[in-house]
Each structure stands twice: as C-alpha cells, then as structure tokens.
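In what follows, a structure is listed as structure tokens, so that the remarks can point back to it.
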Amino acid sequence: MPTHPRRRATAVAFLASLCVMTACTAPRAPSLGADDTVKAAQLLLTDACLTRQGLTPPRPGQRPPDTAEQSRVSDALFGTGRAELSLTLPGGPEVRQHTDGCLAQAQQRLYGDQERWFRASTTVNNLKSRAPAGERTAYRELRAHAVRTARTILRSAHEKGTNR
C-alpha cells in the first residue's frame, strides 16, 4: 500500500468499489490482505455513516465541496468538541481522539472496543518494539477481531451487491 495519504485513500476507495462491483460478476468476494480488508470495511462503514447524515463521502479526484460542507463532513467523520480519548506518550506528546464521529463508530464496530484499540494502537504504532507486552498483545487481539469483522462486513456488502 502506498505511504502517501492521498494515494492510500485512492487505493482504499478502489478496493472498496472493487468489492462492490464484483458482486455482479464473481461468485465470491475478492480476497484482500488483512490491512486492505480492514481499510475497505472501515471505508464502507464511514461512507454509510456520512450518507445517513445526508453528507457526501469525500473521494480523491472529486471536486471539493464548499468550505461549509467540508466542515460538516469533517465534523461528522472525526467528531466534534473535546476529544474524549487521550494518551500521553513517553517524552510528552499527547495523542487524542474523538468517540463521536463516523470514524469512531467504525472503529468501535471493527475492533469491538474503541478505547482499548486507541490505547493499544497508539502505543504500538509510536513505540514499536518498545511498547509494553500487554499493549502489543491487545493490539494483536483487537487487530485479529477487526480482520474477522471486516471480512463479515465486506462479505455481506458483496452478497447484497451494495456498499451501504
């Protein structure tokens, strides 16, 4: 997967649309790697959440909406107000995240425990091998849960022939 955020978003959008488009032509959903599976399911979940709120999910290459619409989409996607989750890393940086946006809802559904996932993923992604063993274990367990859940979500979307 490319490391550039715009390329990554384009690739994930492509993978999600591939999962939906092949519903008409293939007897089973395409096989994706674990990372792509979770990213594609997260995209389907966040798109559905935004759509339920009457918002258009953003796509690379799409003409950007006006500033007010961009703000509404950002608030719906990432949450508003004071960030409810917070973790201070060794050395002092603080990482914070909301629990009220579409992304938070998708993480809760995929990982089963958004707060635990936030803590484990933030620690492991920032400290790598220096992360405490308990956080590395939690990360692996929650990630495995997300992959299983994502496969179920994508299979269901594939069977329905829809991405909503």
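The values are calculated or read from the model by the stated rules, or taken from the named source; none is laboratory data. The shown structure was predicted, so the numbers you read here are calculated from the model rather than taken from an experiment. Cβ atoms come from the backbone with ideal geometry, glycine included; neighbour counts cover every protein chain shown. SASA here: full protein model, heavy atoms, side chains in, ligands and nucleic acids out. Shrake-Rupley method; radii C 1.70, N 1.55, O 1.52, S 1.80 Å.
For Ala120, the test of being without any contact (Cβ under 8 Å) to a residue 12 or more places away in the chain, in a helix (DSSP H, G or I), within 17 Å of Gln42 (Cβ to Cβ) and of a type outside the set (D, E, K, R) is failed.
Scanning region 58-92 for residues that are without any contact (Cβ under 8 Å) to a residue 12 or more places away in the chain and in a loop (DSSP other than H, G, I, E, B), we see that the one that is most open to solvent (accessible area, probe 1.4 Å) is Arg63. Would you say Glu135 is open to solvent by 20 Å² or more (accessible area, probe 1.4 Å) and more than 18 Å from the chain's Cα centre (by Cα)? Answer is yes for this residue.
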